[in-house]
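A.B. asks: Okay, handing you the structure first.
The values are calculated or read from the model by the stated rules, or taken from the named source; none is laboratory data. Source: prediction; values computed, not measured. Reconstructed Cβ throughout: ideal geometry from the backbone, glycine too, with neighbour counts over all protein chains shown.
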Amino acid sequence: MLSQAKHILASQPFSLLLGAEILNFSTGCVELIVPVRPELLQQHGFVHGGVLSYAADNALTFVGGSVLGPAVITSEFKINYLKPAVGDVVIARAIVVHQGTTQSVCRCDVLVRTGNRETLCAVAQGTIARLSRGVDAG
């Protein structure tokens, strides 16, 4: 499963631009990281909220796909920013909360790591939907 997830991530140009990687991927659980570099910061020196949202959204979609199959999209998601993100690596850890036949509800913790210390900076929840047959997935 992990090699298939890495292949899918590698086919996403935006993920490549951010340098995202999937470290762990199994049914109902995923861990995605984004290395922090100066281009990803906002004017106060914090990781930009868009980077945190990207990490949450992509982790939610991958974990939803782990139970629904790879042809999925985010139907909706919400994110709560808890504190400014300052660190070397953004980590998004997502789990499936509920699985149906056509959609799953998932939750994600977004953390930043500096050395061995991790700080929770955002939480997100989303609904991941299976693409209908006949819908062009791109």
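A.B. asks: Test each condition in (1) hydrophobic (A, V, I, L, M, F, W, C); (2) under 19 Å from LEU16 (Cβ atoms); (3) at pLDDT 95 or above for VAL123 and report the one that comes out false.
C.D. replies: Exception for VAL123: condition (2).
A.B. asks: Let me ask something additional. From the residues in the stretch 64-93 that are among the aliphatic types (A, V, I, L, M) and under 27 Å from THR114 (Cβ atoms), which one is surrounded by the fewest Cβ atoms within 10 Å (Cβ to Cβ)?
C.D. replies: Top of the filtered list is LEU82.
A.B. asks: Could you list, ordered by first residue, the pairs with Cβ atoms under 7 Å in which the first is in the stretch 32-50 and of a type in the set (Val, Ile, Thr) and the second is exposed (fewer than 15 other Cβ atoms within 10 Å of the Cβ), at least 6 apart or interchain?
C.D. replies: Between residues of the stretch 32-50 that are of a type in the set (Val, Ile, Thr) and residues that are exposed (fewer than 15 other Cβ atoms within 10 Å of the Cβ), the close pairs are ILE33/LEU23; VAL34/GLY19; VAL36/ASP88.
A.B. asks: Could you check GLN43 against (1) surrounded by fewer than 17 Cβ atoms within 10 Å (Cβ to Cβ); (2) among the polar types (S, T, N, Q); (3) touching a strand residue (DSSP E or B) at 6+ places or on another chain (Cβ under 8 Å) and say which number it fails?
C.D. replies: (3)
A.B. asks: Among the listed residues THR27, THR61, identify the single one that is under 17 Å from ARG130 (Cβ atoms), of a type outside the set (Asp, Glu), surrounded by fewer than 17 Cβ atoms within 10 Å (Cβ to Cβ) and in contact (Cβ under 8 Å) with a residue 40 or more places away in the chain.
C.D. replies: After applying the criteria, what remains is THR27.
A.B. asks: When you scan the stretch 117-124, do you find a residue that is out of contact with any helix residue (DSSP H, G or I) (no Cβ under 9 Å at 6 or more places or on another chain), touching a residue at least 12 places away in the same chain (Cβ under 8 Å), buried (at least 19 other Cβ atoms within 10 Å of the Cβ) and among the aliphatic types (A, V, I, L, M), even just one?
C.D. replies: no
A.B. asks: If you don't mind, another one. Somewhere in the stretch 100-115, is a residue small (Gly, Ala, Ser), exposed (fewer than 15 other Cβ atoms within 10 Å of the Cβ) and more than 16 Å from HIS48 (Cβ to Cβ)?
C.D. replies: Looking through the stretch 100-115, at least one residue is small (Gly, Ala, Ser), exposed (fewer than 15 other Cβ atoms within 10 Å of the Cβ) and more than 16 Å from HIS48 (Cβ to Cβ).
A.B. asks: Something else about it: Give me the residue from the stretch 1-17 that is in contact with a strand residue (DSSP E or B) (Cβ under 7 Å, 6 or more places away or on another chain) and closer than 13 Å to ALA59 by Cβ and, out of that set, surrounded by the most Cβ atoms within 10 Å (Cβ to Cβ).
C.D. replies: Selected residue: ALA5.
A.B. asks: Here's another thing I want to ask about it. Just give me the residues in the stretch 8-24 being closer than 15 Å to ARG93 by Cβ and touching a residue at least 12 places away in the same chain (Cβ under 8 Å), in sequence order.
C.D. replies: Matches in the stretch 8-24: ALA20, GLU21, ILE22, ASN24.
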